[in-house]
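Report on one structure; see the data block that follows.
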């Protein structure tokens, strides 16, 4: 799994800590961040679908790499 480094304001980390640990929603800080990223990506996918910017649209906008005849 790829590791990344990000700067996060302390108040956000403090809020996350309230949800991490035994008998809470997330096992670890990494687990909480991955879940938040998945939710963000799902939301962005929904927005793209509403604006017809799905994967198909991205492929349609790719330059044509065929050789000239």
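The values are calculated or read from the model by the stated rules, or taken from the named source; none is laboratory data. Keep in mind it's a predicted model, so treat the numbers as computed, not measured. Note that each Cβ is placed from the backbone with ideal geometry, even for glycine, and that neighbours are counted across all protein chains shown.
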Across the stretch 13-25, what is the number of residues that are surrounded by 10 or more Cβ atoms within 10 Å (Cβ to Cβ) and within 16 Å of residue 36 (Cα to Cα)?
8
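If we keep just the residues of the stretch 56-69 that are loosely packed, with under 10 Cβ neighbours inside 10 Å and in a helix (DSSP H, G or I), which is modelled with the highest pLDDT?
56
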Given (1) modelled with pLDDT under 95; (2) not in a helix (DSSP H, G or I), residue 7 misses just (1)
Report yes if residue 39 is surrounded by 10 or more Cβ atoms within 10 Å (Cβ to Cβ), assigned to a loop (DSSP other than H, G, I, E, B), at negative phi and without any contact (Cβ under 8 Å) to a residue 12 or more places away in the chain, otherwise no.
no
Residues in the stretch 20-55 that are closer than 22 Å to residue 3 by Cα and over 14 Å from the mean Cα position of the chain (by Cα): how many?
6
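Before we move on, is residue 32 touching a strand residue (DSSP E or B) at 6+ places or on another chain (Cβ under 8 Å) and either assigned to a helix (DSSP H, G or I) or at pLDDT below 95 (or both)? Write out each step before concluding.
Numbers: touching a strand residue (DSSP E or B) at 6+ places or on another chain (Cβ under 8 Å): yes; either assigned to a helix (DSSP H, G or I) or at pLDDT below 95 (or both): yes.
So residue 32 passes the test.
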